[in-house]
Every structure is written in structure tokens, then in C-alpha cells.
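See structure below.
The values are calculated or read from the model by the stated rules, or taken from the named source; none is laboratory data. Every value quoted in this text rests on a predicted model; they were computed, and no experiment measured them. Note that each Cβ is placed from the backbone with ideal geometry, even for glycine, and that neighbours are counted across all protein chains shown. Quick note on the areas: whole protein, heavy atoms, side chains included, nothing else; ligands and nucleic acids left out. Shrake-Rupley method; radii C 1.70, N 1.55, O 1.52, S 1.80 Å.
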Amino acid sequence: MFRVAHESPLRKPPQPVSERQIIFLDGIRYSADMAGIAIDRLWRQLCFIDSTEETIENHHIAEAALDAWSIIDAAHRMSDLIENLPGLPNSDWRRVFRHRVEDALELRDMWQHPVGEAAKVVEERGQAWGALSWMKHEENRPTGRWFLAVIGSDFKGSSWIFAGPAKAIPRVSTRRIRLIHMGKHVYLARLVRDMVEALRHLEDDIANKRLRLVGEAVNQERSSDWIMECSIMAVVSVDPAQQPSIGD
């Protein structure tokens with residue numbers, strides 16, 4: 001389970017930063033948190049699908065698709081924010097991260113333009129939202145049984161290679177959760193791991209004051225990540241018998 005630490009330097013950098021830089025840093029850390037939450041929820045849903053005795057309904061698959069594509073979207077947002085964060089040095093880790101998320105970014109662009117991509121999807125015999133594949137686990141151990149959830153209608157000639165490989169894959173756990181779409185296979189847990197690794201590098205850059213101030217520095221203490229509550233009360237009628245007399 002991954003969550004951005006409360007004491008992360010992205011929340012309160014040790015060096016002066018501008019309001020614009022704060023917006024970028026908030027966007028990055030929330031993107032990482034969203035991806036961490038989504039991969040946990042996705043695995044729980046996939047475990048339900050491959051183990052339940054209930055009939056699998058379309059909304060069960062839609063729930064899994066929601067979290068899978070949320071990870072793709074979070075990776076795109078985080079990559080874009082890191083790439084354009086004012087004052088961030090152009091370190092090697094940024095180039096590595098950019099390379100690792102390339103397939104995810106291409107999928108996100110397809111997802112954002114479904115009308116224009118529909119003809120290509122039909123030609124590839126694909127589906128509007130692709131498909132999810134994974135290896136079933138029992139008691140946290142891989143079973144060697146592979147599952148596929150097709151997110152949409154399949155056509156004549158549709159095909160998926162979703163089983164295996166059995167050999168180890170760099171930075172991929174035995175769950176092997178893949179989003180398959182338009183000839184691309186994105187390992188979602190690996191994508192989240194790559195996001196976390198990039199976040200750690202960014203935290204190190206900020207903690208060691210490598211982030212250069214761009215713009216006017218925020219010169220006062222600020223709060224973040226908080227919740228408030230308010231209530232509105234309205235008097236709609238008054239009992240005349242309970243009104244005080246003039247002499248009271």
C-alpha cells in the first residue's frame with residue numbers, strides 16, 4: 001500500500017516556493033496518492049471477480065476499469081506536472097520516468113479522443129476500454145491461473161494474449177495486472193511503482209533544496225489538506241404565543 005507521507009517535502013518544502021509551484025507540487029502528490037489508492041482497489045475487485053460464486057455483472061467490470069484507467073490518467077497528469085514544474089533541475093530520473101510512462105501516455109491520449117480513435121479500434125478488433133488481465137492468487141500466492149476481463153463488446157477476429165509469461169518481469173510482481181488496448185500491454189502495478197520512484201526522487205530534490213524559486217515566494221505559513229463544515233439555519237415560522245410582550 002502506497003500513500004504520500006504526511007511529512008513529505010512536497011507539502012512543505014524547506015526552501016521558498018511560489019504559489020504556482022505549490023499548485024504543481026500539490027498536483028503531483030495527489031496524482032501519486034490517487035494511483036496508489038486505485039491499484040489497491042483494483043486488486044481487491046479483480047480478486048472478487050476471480051473468486052466469487054456470484055454472477056459477474058457488467059458493473060463489476062466497470063468498477064475495475066474505473067480504477068485501471070484512473071491509474072493511466074494519474075500517470076499522465078503526474079508526468080505532465082513533473083515535466084513542467086518551474087525551477088526543477090533536469091535530472092536523469094526525469095528522463096527515466098518519461099521513458100517508462102510512454103505507453104501509458106499514449107493510451108491516455110487514445111482514451112481522451114474516443115470519437116477520433118473509434119475507427120482505429122475497430123480496425124484492431126479492440127474494445128472501447130480495452131481489457132484487463134491478471135493472475136489469480138490464493139493466500140497471496142500465485143496460482144498459475146490467468147483471467148481476462150473484456151471491457152466492452154468483442155468483434156469477430158478479436159483476440160488477446162493474456163496468459164504468461166511465467167518468467168520474472170523487471171519491476172512487476174506476480175499479480176501481473178495488465179491493461180491491454182490497441183496493441184499495448186501496460187503493467188499497472190509497475191506503472192504505480194514507477195510513479196512512486198519518481199516521487200521519491202522529486203522529494204529528494206526538494207529536501208536538498210534543488211528546486212529553484214520561480215515567481216514570488218510565499219512568505220507566510222499556509223495550511224493544506226483540510227476539511228471544514230458549516231450549517232445554515234433558517235426560521236420559517238414563529239409561534240405568536242411565544243413572542244415576548246412589549247412590557248417584558
Original post:
So between residue 59 and residue 105, what do we pick up on full extension, going 0.36 nm a residue minus the alpha carbon distance?
Top reply: 14.0 nm
Original post:
Rounded to the nearest 0.05, what FRET efficiency do residue 196 and residue 153 have when you use their Cβ-Cβ distance and R0 = 45 Å?
Top reply: 0.80
Original post:
Pick from 235, 101, 150: which is most flexible by mean-square fluctuation in a GNM of the chain where alpha carbon atoms under 10 Å apart are linked?
Top reply: 235
Original post:
Label-point separation (nm) for residue 172 and residue 90, each offset 7 Å from Cα along Cα-to-Cβ?
Top reply: 3.2 nm
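Of 194, 225, which has the most accessible area with a 1.4 Å probe, and how do the rest follow in descending order?
Output order, biggest surface exposure first: 225, 194.
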Subject >> Percent carbon-and-sulfur accessible area, the chain, ignoring ligands, DNA and RNA, probe 1.4 Å >> reply: 52 percent
Subject >> Order of exposure, largest accessible area first, which applies to 237, 91 with probe 1.4 Å >> reply: 237, 91
Original post:
Given +1 on the Cβ of Lys and Arg, -1 on the Cβ of Asp and Glu, and no further charges, what dipole in debye does the chain carry about its Cα centre, rounded to the nearest 20?
Top reply: 1320 debye
Original post:
Hull surface divided by four, with the convex hull built on the Cα atoms of the stretch 1-97: how many nm²?
Top reply: 7.8 nm²
Original post:
Could you name the lysines in cross-link range of residue 12, using Cα to Cα under 19 Å and dropping any fewer than eight places away on the same chain?
Top reply: 209
**OP:** Please give the solvent-accessible surface of residue 161 in Å², to the nearest 10, using a probe radius of 1.4 Å with every protein chain present.
**Re:** 130 Å²
Subject >> Span-rule helices in the chain, defined as complete DSSP H runs reaching 15 Å or more along the axis (Cα) with Kyte mean at least 0.0 >> reply: 19-51, 188-207
**OP:** Can you tell me the dipole magnitude for the stretch 151-248 around its Cα centre, using point charges on the Cβ only (Lys, Arg +1; Asp, Glu -1), in Debye to the nearest 20?
**Re:** 1400 debye
**OP:** Please name which of 198, 115, 224 has its Cα lying farthest along the dipole of the chain towards the positive end, using unit charges on Cβ (Lys, Arg +1; Asp, Glu -1) and the Cα centre as origin.
**Re:** 198
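Dividing the Cα radius of gyration by the Kirkwood radius, what Rg/Rh value follows for the stretch 29-152?
Radius of gyration relative to Kirkwood radius: 1.03.
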**OP:** Treating only the Cβ atoms of Lys and Arg (+1) and Asp and Glu (-1) as charged, compute the dipole magnitude of the stretch 1-109 about its Cα centre; round to the nearest 20 debye.
**Re:** 740 debye
**OP:** Quick one: order 115, 4, 96 from most to least accessible surface, probe 1.4 Å.
**Re:** 115, 96, 4
**OP:** Pull out the extension gain between residue 3 and residue 98, defined as 0.36 nm times the separation in residues minus the alpha carbon to alpha carbon distance; nm, one decimal.
**Re:** 32.0 nm
**OP:** First measure r as the distance between the Cβ atoms of residue 40 and residue 233, then evaluate 1/(1 + (r/R0)^6) with R0 = 51 Å and state the FRET efficiency to the nearest 0.05.
**Re:** 0.80
Subject >> Translational D in µm²/s for the stretch 80-132 (Stokes-Einstein at 10 °C, 1.306 mPa s, Kirkwood Rh from C-alpha pairs) >> reply: 120 µm²/s
**OP:** Please calculate how many Å² of accessible area the chain carries per residue, with a 1.4 Å probe and no DNA, RNA or ligand atoms counted.
**Re:** 61 Å²
**OP:** Using a 1.4 Å probe and ignoring any ligands, DNA or RNA, find the accessible area of residue 147 and quote it in Å² to the nearest 10.
**Re:** 50 Å²
